[in-house]
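Notes for the one structure printed next.
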Amino acid sequence: QVQLVESGGGLVQAGGSLRLSCAVSGRTLSAYAMGWFRQAPGRQREFVAGISWSGGGTHYADSVKGRFTISRDNAKNTVYLQMNSLKPEDTAVYYCAAETSAVVARRANEYDYWGQGTQVTVSS
């Protein structure tokens, strides 16, 4: 059984930064490509960023490119999302997800495991 636990969310002013963490247990992190998604009230869950199993490939939604950085530490079984220059429209519940593939997928239904989510609120 694979478990993902997110942490690091909170309330921040526009222009500020947060770093989200996703701790993976149950299997070695290196077996998975990892993604971050977010879901705002009344909206569909959307892809934010993804990283290949080796960390050599990263992908970002256009809305966060240049502001967010995804990284992984396979030795610590942890994936990170560094979020800088936050905007009110970044407010959402952020989810970590794992897929049993070497490459990154952008569609939520391609991911096999999900965390419970962490709230990020950006005030204007």
Solvent accessible area, Å² - Ser54, 1.4 Å probe, full protein context: 70 Å²
Note, ³J(HN,Hα) from phi for the range 27-33, Karplus 6.51, -1.76, 1.60, rounded to Hz, x at Gly and Pro: 8, 5, 4, 5, 7, 10, 7
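Based on Cα coordinates alone, diagonalise the gyration tensor for the chain, multiply each eigenvalue by 5, take square roots, and list the semi-axes in whole Å, largest first.
Details: eigenvalues 101, 38, 37 Å².
Taking √(5λ) for each eigenvalue gives 22, 14, 14 Å, largest first.
Around Asp112, what is the net charge, scoring Lys/Arg as +1 and Asp/Glu as -1 over all other residues with Cβ under 13 Å from its Cβ? Working shown, then result.
Values: positive: Arg27, Arg107; negative: Glu99, Glu110.
Result for the local shell: 0.
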Mean-position separation - Cα centroids, the range 95-124 and the range 1-65, in angstrom: 5 Å
Karplus-derived 3J(HN,Hα), 6.51/-1.76/1.60, for each residue of the range 72-89, Hz, glycine and proline x: 9, 10, 5, 5, 9, 6, 9, 10, 10, 9, 8, 10, 10, 6, 5, 10, x, 6
Residues with amide H under 5 Å from that of Arg27, placed H, sequence gap 5 or more: Gln3
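Summing Lys, Arg as +1 and Asp, Glu as -1, what charge do residues with Cβ under 13 Å from the Cβ of Ile51 carry, Ile51 excluded? Don't skip to the end; give the middle numbers.
Details: positive: Arg72, Arg106; negative: Asp73, Glu99.
Once all neighbours under 13 Å are counted, the net charge is 0.
The values are calculated or read from the model by the stated rules, or taken from the named source; none is laboratory data. None of the values given here were measured: they were computed from a predicted structure. Please note: Cβ atoms are built from the backbone with ideal geometry, for glycine as well, and neighbour counts cover all protein chains shown. What goes into the accessible areas is simple: the full protein's heavy atoms, side chains included, and nothing from ligands, DNA or RNA. Shrake-Rupley method; radii C 1.70, N 1.55, O 1.52, S 1.80 Å.
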